[in-house]
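Report on the following structure.
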Amino acid sequence: QLIVENNLYGMDIDKRAAQLASFAIAMKARSYDRRFFNREVTFNLIGFEESNGLALFHNTSLPYEDAVNAALENLYTQFLDAKIYGSILRLEFIDVELIEDAIKFLKNSIIEDIIAQGYLNFEVPIIEELVEQHKLLTMKYDVVVTNPPYMGGKNIGTTLSKYLKKDYFDTKSDLFAVFMDVCTSITQIIGY
């Protein structure tokens with residue numbers, strides 16, 4: 001359980017691939033520990049979510065509402081069309097703890113407004129996933145393993161191509177090279 005929760009992290013553009021990876025790890029863990037299925041285990045394997053169409057918090061009782069909304073807006077901007085870019089996103093600092101505190105506050109509040117309740121039920125889970133994505137993409141890892149796409153510049157779509165020219169100018173000609181660039185940036189100095 002400790003290995004799964006504290007040592008294994010994974011990301012994929014396809015949520016189903018992340019679910020299959022979670023299943024495979026659960027089965028492997030079960031082969032070592034027959035009580036594994038009886039425990040509540042947190043898997044750190046995510047399928048990318050994007051921020052397209054999400055709204056800001058509109059709750060006047062929310063402490064630091066302006067600061068929270070500024071952090072949310074920054075989060076939304078960074079994860080716009082995230083399913084196109086996946087783990088090659090270069091992220092800036094966001095005060096994710098501020099967003100998490102706001103979510104806790106909203107969940108603990110008595111909300112009778114139907115619109116606010118809908119926001120809490122449908123948009124907040126996506127926001128929580130975006131926060132988790134941000135944490136995983138800004139961490140440094142001891143070991144990074146990837147199966148990069150081998151896609152040359154001719155096959156890259158225009159949206160992705162513009163992003164690569166802006167953020168990965170030296171390696172933009174092949175996604176394989178871009179992923180190697182990402183691997184070196186998220187790996188500890190003494191990592192592999």
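The values are calculated or read from the model by the stated rules, or taken from the named source; none is laboratory data. Just so we're clear, the structure is a prediction, and the values are computed from it rather than from any experiment. All Cβ positions, even for glycine, are placed from backbone atoms using ideal geometry, and neighbour counts span all protein chains on display. In case anyone asks, the SASA skips ligands and DNA or RNA and just uses the protein heavy atoms, side chains included. Shrake-Rupley method; radii C 1.70, N 1.55, O 1.52, S 1.80 Å.
Assorted remarks:
- Along the chain, the exposed loop sites are trypsin sites (Lys or Arg not before Pro) outside DSSP states H, G, I, E and B with at most 12 other Cβ atoms within 10 Å, and the longest stretch free of them is 40-139.
- Annotation: amide H-H contacts under 5 Å for TYR9 (H modelled 1.01 Å from N, sequence separation of 5 or more, or interchain): none.
- Annotation: amide H-H contacts under 5 Å for TYR141 (H modelled 1.01 Å from N, sequence separation of 5 or more, or interchain): THR187, GLN188.
- Helix screen, the chain: DSSP H segments with Cα axial length of 24 Å or more and mean Kyte-Doolittle hydropathy at least 0.0 are 15-32.
- Amide H to amide H distances under 5 Å link MET151 with LEU175, PHE176, where only residues 5 or more positions off or on other chains count and H is placed in the peptide plane.
- Here each label is just a point 7 Å from Cα along the line to Cβ, and for ARG34 and GLN117 those points are 4.7 nm apart.
- Stretchable slack from PHE93 to ILE189, in nm (0.36 nm times residue separation minus alpha-carbon distance): 32.5 nm
- For the pair the range 119-192 and the range 35-96, the centres of their Cα atoms are 15 angstrom apart.
- Our helix-only sum for the chain, with -39,500 (n - 2.57) per DSSP H run of n ≥ 4 divided by its residues, gives a mean residue ellipticity at 222 nm of -15000 deg cm²/dmol.
- Cα gyration tensor shape for the range 25-137, rounded if a/c is under 1.5, else prolate or oblate: oblate
- Evaluated over the range 62-192, the count of Lys pairs having alpha-carbon atoms less than 19 Å apart is 11 (only pairs 8 or more residues apart or interchain).
- Between TYR150 and LEU8, the distance separating the two model label sites (each 7 Å from Cα on the Cα→Cβ line) works out to 2.8 nm.
- Carbon/sulfur fraction of accessible area - the range 38-192, other protein chains in place, 1.4 Å, %: 55
- Rounded if a/c under 1.5, otherwise prolate or oblate - the chain, Cα gyration tensor axes: oblate
- Using the Cβ-Cβ distance between SER161 and GLU73 with R0 set to 30 Å, the FRET efficiency works out to roughly 0.70.
- In whole angstrom, the range 21-80 maps to an equivalent ellipsoid with semi-axes of 38, 15, 8, each derived as √(5λ) from the alpha carbon gyration tensor and ordered largest first.
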